[in-house]
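Written below as structure tokens is the structure these notes are about.
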Amino acid sequence: MRTECGTSCDCELSCGNRVSQKGLNVELKIVRVENKGWGLFAAQLIPEGKFVCEYA
């Protein structure tokens, strides 16, 4: 499991362990789905292993 770097880390802002801190870089759509509620869909092809977003 990968650990996210934070303010106490001495690494640069470009560190590969700061993916969630860089914001969205994948285009997403929030769509109302009949009989299901709301759904999150990708508006582009997402390569395997790419960070999409933090769900909170």
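The values are calculated or read from the model by the stated rules, or taken from the named source; none is laboratory data. In this text the structure is predicted, and so the values were computed from the model without any measurement. Neighbour counts are summed over all protein chains in view; Cβ atoms, including those assigned to glycine, are modelled from backbone coordinates with ideal geometry.
For segment 1-47, a tally of residues being part of a loop (DSSP other than H, G, I, E, B), more than 13 Å from the chain's Cα centre (by Cα) and modelled with pLDDT of 90 or more returns 6.
Beta carbons closer than 9 Å, at least 6 apart along the sequence or on distinct chains, never pair a first residue in segment 28-56 that is acidic (Asp, Glu) with a second that is in a strand (DSSP E or B). Quick check on segment 21-56: of everything there that is polar (S, T, N, Q) and over 27 Å from residue 8 (Cβ atoms), which residue is surrounded by the fewest Cβ atoms within 10 Å (Cβ to Cβ)? Top of the filtered list is 35.
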